[in-house]
Amino acid sequence: MSARTVLHEADVSRALTRIAHEILESNRGADNLVLLGIPTRGVTLARRLALLISEIAQTSVPAGALDVTLFRDDLAKHPTRSPRPTEIPASGVDGKTVVLVDDVLFSGRSIRAALDALQSIGRPAIVRLAILVDRGHRELPIRPDFIGKNIPSARSERVNVRLFEDDGAEGVTIEA
Amino acid sequence: MRHLLDTRTLDRATALRILDIAEDMSDTQSREIKKLPTLRGKTVVNLFFEDSTRTRISFEAAAKRLSADVINFAAKGSSVSKGESLKDTAQTLQAMGADAVVIRHPASGAPQTLATSGWISAGVVNAGDGTHEHPTQALLDAFTIRKRRFGDDSRGRDLRGVRVVIVGDVLHSRVARSNVWLLTTLGADVTLVSPPTLVPQNVSLWPVRVLYDLDQALAEEPDAVMMLRIQLERMNAAYFPTEREYSRRWGLDAVRVNALPGGSIVMHPGPMNRGLEISSDAADSERSTVLEQVTNGVSVRMAVLYLLLAGERDDERGGDL
């Protein structure tokens, strides 16, 4: 059980700053942007990205949380999960550019569930996907638009993301 | 969670988990599209041996909002009126592929029998059995009290220090029993107010205080007053002289409701006997949560069905919740 650190604290913050710039570039500014994180750590990352984008663009960008538990297709394969709160910014999602934010992209099933969950809330004009770590092994035709770091991994390995707000420590490790 | 049979054996953590998931379910019910795909392909049977409108349609709405298929089985006009036993009815439902059975039965303990007899493998939800328990009603009452008190900040909170007065026919009331166990587990102080003839014999073993005078209980400024329905169909003995006298002494009239402190709420599980245990002034006042209780009932039942049906079956893993 050896854990190897693949992203240190400074790497995480550099990756997020770069993603913030990329989001602004692809959206041509901060207009109509809404960042929605997938609990738990995706929400923290969405809040951080919203702050970074707000600083760079000098205008406030709303961030929220989008729980996908009730939309998952693998509920019967695990002990019952408790849903987490969904918080949609007051401006809503209709006609907006929604950036979904998650910590690790693996099979892509959470993102499929997130697209369904989003549909039940409203109709965004555009949906993009920002991810801190892409570890491969996709099971669905889903591709991120903004990536912090690609980390090739074996299917059996565990990728752990730690963030100060949720875990009291920061960094990404990979465990055999 | 495998079954939901009572609130007496429900521990605090499980009760809070149900209430917190109900909060999430309630959030989804304010969305444009209220239907969730969560229980697609599961079948819920409403097995009702007693008349019920609101509990049955509440369970039906909850199951449908989660995309489960619903089969309604009312005993009246069915094979049961031809003398079929509970065992045969249950096994018929099992053979049709029921994943959960929501049962209401006039005999206390019928859901327990269904869950433990080995006749069926489906999860069992008690929707009211005799004078025993009605756990989802108590859960929705606790949810309503918590929501009125803490609003959007309700998640994770219990009812410590909340003072609840339950008034009326405690003797025949499964709602009162389920509420006594659940509310005290969650830390609330419960006072029962009832005519001496309608107090159960073993009440001294319950974690509650019993008063016979409603005005005395209301003078202590409770946070919630829960009025029980006088079950006219069970009034088979002279429990009180006249309805008029009952209404005077134990009914919630305009004078009593106006004397309550600011934040107090008035609850009733329905259906109400207006003019008997509750006056129209009280039922229609700002304090009344009667309709909120109905709305919250759907969310709470969605949470219960979710916990019973969504995850891996406990008996396949040997875990719980």
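The values are calculated or read from the model by the stated rules, or taken from the named source; none is laboratory data. Only a predicted model underlies this, so the values are computations on that prediction, with no experimental measurement involved. Note that each Cβ is placed from the backbone with ideal geometry, even for glycine, and that neighbours are counted across all protein chains shown.
No other residue among B:Asp129, B:Asp158 is charged (D, E, K, R) and surrounded by fewer than 23 Cβ atoms within 10 Å (Cβ to Cβ) apart from B:Asp158.
Of the residues making up the range B:112-142, those that are on the phi < 0 side of the Ramachandran plot, in a strand (DSSP E or B) and of a type outside the set (S, T, N, Q) are B:Gly123, B:Val124, B:Val125, B:Ala127, B:Asp129, B:Glu133. Looking only at residues in the range A:151-176 that are part of a loop (DSSP other than H, G, I, E, B) and touching a helix residue (DSSP H, G or I) at 6+ places or on another chain (Cβ under 9 Å), the one that is farthest from A:Val12 (Cα to Cα) is A:Ala169. Pairing each residue of the range A:129-154 that is without any contact (Cβ under 8 Å) to a residue 60 or more places away in the chain with any residue that is of a type in the set (Ser, Thr, Tyr) and surrounded by 19 or more Cβ atoms within 10 Å (Cβ to Cβ), provided the two are 6+ apart or on different chains, yields C-beta distances under 9 Å for A:Arg135/A:Ser153; A:Gly136/A:Ser153; A:His137/A:Ser153. Taking the conditions exactly as written (under 30 Å from A:Ala117 (Cα atoms), surrounded by fewer than 22 Cβ atoms within 10 Å (Cβ to Cβ) and not assigned by TED's automatic domain parsing to the domain that holds B:Phe150), does B:Leu16 satisfy them or not? Against the criterion (under 30 Å from A:Ala117 (Cα atoms), surrounded by fewer than 22 Cβ atoms within 10 Å (Cβ to Cβ) and not assigned by TED's automatic domain parsing to the domain that holds B:Phe150), B:Leu16 qualifies. State which residue is surrounded by the fewest Cβ atoms within 10 Å (Cβ to Cβ) when the search covers only the range A:62-88 and only residues that are part of a helix (DSSP H, G or I) and facing chain B (nearest Cβ under 7 Å). Taking the candidates together, the pick is A:Lys77. With respect to the conditions (1) part of a loop (DSSP other than H, G, I, E, B); (2) farther than 20 Å from A:Ala130 by Cα; (3) not polar (S, T, N, Q), A:Val93 falls short on a single one, namely (2). Contact list please: Cβ distance under 7 Å, first residue in the range B:105-118 and within 15 Å of B:Phe49 (Cβ to Cβ) and touching a residue at least 12 places away in the same chain (Cβ under 8 Å), second residue of a type in the set (Ser, Thr, Tyr) and surrounded by 14 or more Cβ atoms within 10 Å (Cβ to Cβ), pairs at least six apart or on different chains. Qualifying pairs under 7 Å: B:Ser108/B:Thr131.
Looking at B:Pro135, B:Pro207, just one residue is surrounded by fewer than 17 Cβ atoms within 10 Å (Cβ to Cβ), at pLDDT 95 or above and more than 21 Å from B:Ser264 (Cα to Cα), and that residue is B:Pro207. Listed conditions (1) within 25 Å of A:Gly108 (Cβ to Cβ); (2) surrounded by 22 or more Cβ atoms within 10 Å (Cβ to Cβ); (3) out of contact with any Phe, Trp or Tyr (no Cβ under 8 Å at 6 or more places or on another chain); (4) in contact (Cβ under 8 Å) with a residue 24 or more places away in the chain are all met by A:Thr44, apart from (2). From the set of residues in the range A:118-130 that are within 9 Å of another protein chain (Cβ to nearest Cβ) and among the small types (Gly, Ala, Ser), which is farthest from A:Asp67 (Cα to Cα)? Among those that are within 9 Å of another protein chain (Cβ to nearest Cβ) and among the small types (Gly, Ala, Ser), it is A:Gly122. Scanning the range B:254-261 turns up no residue that is closer than 23 Å to B:Arg163 by Cβ, more than 14 Å from chain A (Cβ to nearest Cβ), within 21 Å of the chain's Cα centre (by Cα) and among the polar types (S, T, N, Q). You will find that of A:Gly42, A:Gly64, the residue that is in contact with a strand residue (DSSP E or B) (Cβ under 6 Å, 6 or more places away or on another chain) and closer than 30 Å to B:Arg313 by Cα is A:Gly42 and no other. Of the residues making up the range B:291-314, at least one is over 19 Å from B:Thr136 (Cα atoms), within 14 Å of chain A (Cβ to nearest Cβ), touching a Pro at 6+ places or on another chain (Cβ under 8 Å) and not in a helix (DSSP H, G or I).
Remark: A:Lys96 matches the filter, which requires a residue to be among the basic types (Lys, Arg) and touching a Leu at 6+ places or on another chain (Cβ under 8 Å). When the range B:227-247 is filtered for residues that are within 25 Å of B:Glu286 (Cβ to Cβ) and in a helix (DSSP H, G or I), only B:Ser247 remains.
Out of curiosity, is B:Val102 of a type in the set (A, V, I, L, M) and not assigned by TED's automatic domain parsing to the domain that holds B:Trp206? Yes; evaluated as a whole, the condition is true for this residue.
Take the residues in the range B:262-290 that are of a type in the set (A, V, I, L, M) and assigned to a loop (DSSP other than H, G, I, E, B), then tell me which one is farthest from the chain's Cα centre (by Cα). Only one residue tops the list, namely B:Leu276.
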